[in-house]
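Let me begin by presenting the structure, written as structure tokens, before commenting on it.
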Amino acid sequence: MGAVVTQHGYLHPSQPGTPPTLVALDLLRSYTHDSLHYGTFREYVIYEAEVFRTRYGINRRDPGGLSFSAVDPPDAESTRNLGVVMEGATDREARTVARHTAVALGLSAPADASNRVMFHDTTGQLTGAERAKLASCLYSAETYGCGIDRYLAALAAYNREVDTRYTAFLAEIGGREAEDLHVLIVAAMVTGDLGELTRWLDQRHGADAFDRIFRRSG
């Protein structure tokens, strides 16, 4: 709701700006995204008289707070971090819902360049040229690159740190079966059962593939 209000402003007809249909799609995408996060499997234990979450989806951590997988390097093009994998999978699903909704309602990308990028981002249809443009428009402490606004700067950062890396991860590990891998990841996130996912990985990448791909060194 905060994103809709701050980015899209008043939806009154006398206030030009982002098309209301794009606002609605963005809200649908956000709602779907957060609903999947809310429905993700969790596991808790009692540790030193306190409740501690040891599992979230396909990720886990020890009572000291150390996550199973390491943080990606800042310049990483792909990911081996389970948090990024789950975030990327969640948003991929949310964008799919938004895309199917747009198709069902006969909605097309706006003519305005900025709104077009937002539409393509919301529906998971960014072109190569748009991705390249966003990659050059990342937020820094001093300025927003390319003269773009704060919303698009945040969008660019999210695409670099989550969506682009998750897409690269699926291509590397899944190959031509990338979509099958994505489906298995989402299912494991929701159910907490990693059985099918780990078997799939073992069959294609050898025994204990999940640990070898994701587990932090040491």
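One residue is enough: does the range 81-95 have a residue meeting the conditions closer than 24 Å to residue 180 by Cβ, hydroxyl-bearing (Ser, Thr, Tyr), open to solvent by less than 20 Å² (accessible area, probe 1.4 Å) and not in a strand (DSSP E or B)? Yes, the range 81-95 has at least one match.
Matching residues to (1) farther than 25 Å from residue 193 by Cα; (2) part of a strand (DSSP E or B); (3) touching a residue at least 24 places away in the same chain (Cβ under 8 Å); (4) in contact with a Pro (Cβ under 7 Å, 6 or more places away or on another chain):
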residue: 21; (1), (2), (3), (4): yes, no, yes, no
residue: 26; (1), (2), (3), (4): yes, no, yes, no
residue: 33; (1), (2), (3), (4): no, no, yes, no
residue: 43; (1), (2), (3), (4): no, yes, yes, no
residue: 53; (1), (2), (3), (4): no, yes, no, no
residue: 65; (1), (2), (3), (4): no, no, no, no
residue: 70; (1), (2), (3), (4): no, no, yes, no
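Kindly provide the set of residues from the range 114-128 that are under 13 Å from residue 18 (Cβ atoms) and of a type outside the set (D, E, K, R), ordered by number. Residues satisfying the conditions are 114, 115, 117, 118, 119, 122. Any residue at all in the range 180-200 that's hydroxyl-bearing (Ser, Thr, Tyr), surrounded by fewer than 17 Cβ atoms within 10 Å (Cβ to Cβ), part of a helix (DSSP H, G or I) and at pLDDT below 95? Looking through the range 180-200, none of the residues is hydroxyl-bearing (Ser, Thr, Tyr), surrounded by fewer than 17 Cβ atoms within 10 Å (Cβ to Cβ), part of a helix (DSSP H, G or I) and at pLDDT below 95. Please determine, by comparing only the residues of the range 117-150 that are assigned to a loop (DSSP other than H, G, I, E, B) and open to solvent by less than 30 Å² (accessible area, probe 1.4 Å), which one is modelled with the lowest pLDDT. If we take residues in the range 117-150 being assigned to a loop (DSSP other than H, G, I, E, B) and open to solvent by less than 30 Å² (accessible area, probe 1.4 Å), then 137 is modelled with the lowest pLDDT.
Being out of contact with any Pro (no Cβ under 7 Å at 6 or more places or on another chain) and not in a loop (DSSP other than H, G, I, E, B) holds for only one residue in 111, 102, and it is 102. When the range 51-70 is examined, which residues are found to be farther than 24 Å from residue 186 by Cα, at pLDDT below 90 and open to solvent by 60 Å² or more (accessible area, probe 1.4 Å)? Hit for the range 51-70 is 64, nothing else.
The values are calculated or read from the model by the stated rules, or taken from the named source; none is laboratory data. Because the structure is predicted, anything quoted here is derived from the model rather than measured. Don't worry about glycine lacking a Cβ; one is built from the backbone with ideal geometry, like all the others, and counts go over all protein chains shown. SASA here: full protein model, heavy atoms, side chains in, ligands and nucleic acids out. Shrake-Rupley method; radii C 1.70, N 1.55, O 1.52, S 1.80 Å.
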